[in-house]
Structures are given as structure tokens and as C-alpha cells.
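The values are calculated or read from the model by the stated rules, or taken from the named source; none is laboratory data. If you're wondering where the values come from, they're calculated on a predicted model, not measured in any experiment. Reconstructed Cβ throughout: ideal geometry from the backbone, glycine too, with neighbour counts over all protein chains shown.
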Amino acid sequence: MNRNVFCKGYTWGFFSKDGELLTDAAEESMKRLASNGLDWICIPVNGWQETFASTTIFSLYGSTQTDEEIVHAVEMAKSLGLKVCLKPMVNCLDRAWRARIDFPTEECGYWEKWFRSYNNFMLHYAKIAEKTGCEMLCTGCEMAGMDKQSAYCLDMISKVRKVYSGLIMHNINHGDEFRFDWLGAVDIIGISAYYPVTDTKNKGIETMRRKWSEAVKVLEKCHEHYGKPLMFAEIGVRNEQGCTMYPWDFHYRTELPKDEQEQSDFYETAMEATWDKEWFCGYFWWDWKAVLPPIEKAKENRDFTVYGKLAEQTLKKWYTTK
């Protein structure tokens, strides 16, 4: 099996608050994460636009990690022996999902204006990724509207390659495996693998195994279609009963009990289904906070993080013994 690129990874520090990445607490958080056997880490940085229909992307004081913070985070990761994927991500202040960024027509030049701004955004971080030695750069995350614009996307990738020499990964959403004809231009196709693996009638680990086997068949065809390796650029689930029916959902349902076993089984079966596939090159699980609560408080939350939960043990088992 070709293991030239295989990411035993996790996403760290998403939506970190102003200054958090420079703190001792952030260093302790990353050390705890790395102790689970990681060899890669994905560091996101947040750009913003006003609404899903805006054409200007910008940094927002207090909500966009500064260049100093990003460089410091990369250096921390390197000091721990981790390879780094830098992941610039666009978010909308109107709370629209970034996949909804879209325009009804090109006649008024909306896409041209938007890509002019996006290219400036992406090239800024591509240059930081190159300067700091990041081994991978993610050029987009769940941007279905953008990804339909093949010519603009190919131009963006070409521009990035002129300033960045590492691996280019582009992150599409599950269900979009065959939608975008230009994905052969990147080095790795990343999938947000929030596949539902249970339903109201069929639950438990054996159901998850069956559902993952079905998902893997789709992923293998995706690999064959584009001729590129795949990875799970995002994957995860919260520790709440029933979450494996809708792993992408971040809304808490406090009327339902917490369920660490269901979260752990999702981890177990996802890695079981994909680990040994020749065309598959790893995981950036979602997500680990830059500042952690006391360990005795870890089990109180219902978030995607596995810190202090049963799934952390499952992750460590796979990342340290396989």
C-alpha cells in the first residue's frame, strides 16, 4: 500500500478567539491532541464575507486569526513533529453555509468580482503556507457554488501553484463526489465525510459497518473518475444519541442523552472501512479546540471534539497501533 501521503490527522483551533493560539493553553491543547498518535494537523483560518451573495472576502478583527497566530501555530505543530495542512475557510456573517455562496448570473460580473477577492485571500495564505513549510494547503471547503465555476477554479489552482510548492487538497462535501469536472487539477480530493450511517430503524455498529461499505464504493468510483487519491478532509460526529443519523448537524438536542459509545463506534467503523484502501490517504477529524476545559469537565459537552471521551481512546488505538 502506498503510504507516501497518509494523514493521521485532526483539525485544531477552528473559530479560535482573538489571541488564543498564542497562549500556553493552546500549546497544551495541541500537545494533548498530538499525544493520540497524530502525524498531521489541520489548522483552519477564518475569512469572512457579509452575506452569501457578497463579492468581497475580508479579515475581521477578533474573528480572523492573525498571521502571527497562524505562524505560531504552525511552528508549534512542527516542534511536535507534525506535518501541517493550512486551511483558509470563508464564512458568512449572515450565518449562511459557505456552500450557499452563489450568484444567479455571470452577466453582471459577480463571479469575476468574487474570485478576484477569493484569489487574493487564498494566495495570501498560500504564501504563508510556503514560507512556514506547510506540507498541504486546502484551497476550498464545501464551496459548492464556487466549485461549479470550473474555469475560475482552474485559474485559482494555477495561481496557487505559482506561489506554493506543497500538496494541494480541495475539500468537497459528501454527495458532491462527481459534480465538479476540474478536480483532477488538485493533488488530493478531500471529502467532508458526514455520511449518515444509521437511521431511525437501523442502529448500532453493524449498521454503521454496512453503511460505510456502501459509502466506500462511491468513494472508490470517485477516485477512479478523477484519478486522484481521496481523504476525509472533515469527518466527525457529536456525542449525542442519534447523531450518526445526521453527523453534520451541530445543533444540540438536549432532550436526548449523551452517547459516547455511538460517537466512538462512528470513529471505529469509519477507519475500519477506509484505512487499508490504496487510494485513501487519511483523516482530518473535526474538531479539537485550541483551549480545552479541565479534563473533569470534558464529558459535559455534546460537541464534535473527542477530548476526554471514549472516542479519543478509539482514535489513539488506530493512530498508535496501525
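Would you call LYS277 surrounded by fewer than 24 Cβ atoms within 10 Å (Cβ to Cβ), within 23 Å of LYS201 (Cα to Cα) and not hydroxyl-bearing (Ser, Thr, Tyr)? In short, no. Evaluated against (1) under 23 Å from THR55 (Cβ atoms); (2) among the small types (Gly, Ala, Ser); (3) at pLDDT 95 or above, GLY109 falls short on exactly one condition, (3). The condition of being more than 20 Å from the chain's Cα centre (by Cα), among the aliphatic types (A, V, I, L, M) and closer than 25 Å to TRP40 by Cα holds for only one of VAL163, VAL186, that being VAL163. The sole residue among ALA311, ALA270 that is under 24 Å from GLY37 (Cα atoms), touching an Asp or Glu at 6+ places or on another chain (Cβ under 8 Å) and part of a helix (DSSP H, G or I) is ALA311. Selection of region 204-259 for residues being charged (D, E, K, R) and under 21 Å from GLU312 (Cα atoms) yields GLU206, ARG209, GLU234, ARG238, GLU240, ASP249, LYS258, ASP259. Scanning region 275-298 for residues that are touching a residue at least 60 places away in the same chain (Cβ under 8 Å) and over 24 Å from VAL216 (Cα atoms) turns up TRP288, LYS289, ALA290, VAL291, LEU292. Within region 275-308, being among the acidic types (Asp, Glu) and outside any helix (DSSP H, G or I) holds for ASP276, GLU278, ASP287, ASP303. Residues that are in contact with a helix residue (DSSP H, G or I) (Cβ under 8 Å, 6 or more places away or on another chain) and among the hydrophobic types (A, V, I, L, M, F, W, C) within region 137-168 comprise LEU137, CYS141, MET143, ALA144, MET146, CYS153, LEU154, MET156, ILE157, VAL160, VAL163, ILE168, listed in sequence order. Among the residues making up region 20-66, those that are farther than 17 Å from VAL90 by Cβ and in contact with a helix residue (DSSP H, G or I) (Cβ under 7 Å, 6 or more places away or on another chain) are GLU20, LEU21, LEU22, ALA26, GLU27, MET30, ASN36, GLY37, LEU38, ILE41. Go through the residues of region 135-154 one by one and say whether even a single one is surrounded by fewer than 20 Cβ atoms within 10 Å (Cβ to Cβ), touching a Ser or Thr at 6+ places or on another chain (Cβ under 7 Å) and either on the phi < 0 side of the Ramachandran plot or modelled with pLDDT of 95 or more (or both). Within region 135-154, not a single residue is surrounded by fewer than 20 Cβ atoms within 10 Å (Cβ to Cβ), touching a Ser or Thr at 6+ places or on another chain (Cβ under 7 Å) and either on the phi < 0 side of the Ramachandran plot or modelled with pLDDT of 95 or more (or both). Residues that are surrounded by 18 or more Cβ atoms within 10 Å (Cβ to Cβ), hydrophobic (A, V, I, L, M, F, W, C) and in contact (Cβ under 8 Å) with a residue 60 or more places away in the chain: does region 219-227 have at least one? Scanning region 219-227, I find at least one residue that is surrounded by 18 or more Cβ atoms within 10 Å (Cβ to Cβ), hydrophobic (A, V, I, L, M, F, W, C) and in contact (Cβ under 8 Å) with a residue 60 or more places away in the chain, so the answer is yes.
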